[in-house]
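Data block below; observations after.
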Amino acid sequence: MHYAEKGGVWATTRWVPEYGRTFTEEKLAAARRATGDPSLWLDDLTWEPAEFTRIAERHAVLEDAAARSGSPLLVCDTDAFATVLWQERYLGSPAPDVEAVHDRVPHHLWILCSPEGVPFEQDGLRDGESIRSWMAERFQEELERRSLPHIVVTGPHEQRLAAAARATDDLLARGWTLSAPLTP
């Protein structure tokens, strides 16, 4: 069951879409307009480090706005951590600015969706099918290396959703802790 379907306070559960996708759609459309070439593709774009910082910062703003709306649970399609790895994919290495966004915006659980058993569907903007497994492995390696709380979901859609809901329920059941008070 999705949290919003539970009703009550859960009905206000917010989802934050992937801002990087929006940015990429706009960048690709602008490049196509500028060149007059509607066949331009992602691999034809030139990326700058500052663009990944902008993506991470903007996504953090969207997360903050959703959290301030009173959502008891915030589900994010992506975050600055993911932007770090996408910057690595496109530019060869992450940048300290994007890492800094990741460091200052806390998250409590990452749910990594395995590409195994899920057919690739090109929606007009997805990066190549050939890198899916590699990217999933990079995400898992980095989640483990950084000791970030995460699960990997596999199997049919219903099984993945149930595993994600269980992990989220477990997180919520632990409750929240506050830091020690600041003292002079």
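The values are calculated or read from the model by the stated rules, or taken from the named source; none is laboratory data. The structure presented is a predicted model; accordingly, all values stated were derived computationally and were not measured. Here the Cβ positions follow ideal geometry from the backbone for every residue, glycine too, while neighbour counts run over all protein chains shown. The protein model used for the area step is the full one, side chains on, heavy atoms only, and it has no ligands, DNA or RNA in it. Shrake-Rupley method; radii C 1.70, N 1.55, O 1.52, S 1.80 Å.
How high is the relative contact order of the chain? Use alpha-carbon pairs under 8 Å, at least six apart in sequence, and give a whole percent. Here the relative contact order equals 21 percent.
Under a model in which nothing but the beta-carbon of Lys, Arg (+1) and Asp, Glu (-1) is charged, the chain shows a dipole of about 540 debye around its Cα centre. Once Rg and the Kirkwood radius are both taken over the C-alpha atoms of the chain, their ratio Rg/Rh works out to 0.99. Between the helical axis of 19-35 and the longest alpha-carbon principal axis of the chain there is an angle of about 10 degrees. For the range 8-67 and the range 127-171, what is the separation of their Cα centres, given in Å? When both Cα centres are located, 21 Å separates them. D by Stokes-Einstein for the range 119-184, Kirkwood Rh over Cα pairs, 20 °C, 1.002 mPa s: 140 µm²/s. Under a 1.4 Å probe, what is the accessible area of the range 1-160 per residue, stated in Å²? So the range 1-160 comes to 58 Å² accessible per residue, rounded to a whole number. Overall shape: prolate for the range 18-84, with the ratio a/c of the largest to smallest alpha carbon gyration tensor axis at 1.5 or above and a/b above b/c.
Regarding the range 45-126, what is the average projected area of its C-alpha convex hull, in nm²?
6.8
Judged by the mean number of other Cβ atoms found within 10 Å, the most tightly packed of the peptides 32-45, 89-102, 54-67 leads the ranking 54-67, 89-102, 32-45. With respect to the chain, whose longest principal axis is taken over its alpha-carbon atoms, helix 132-145 is tilted by about 40°.
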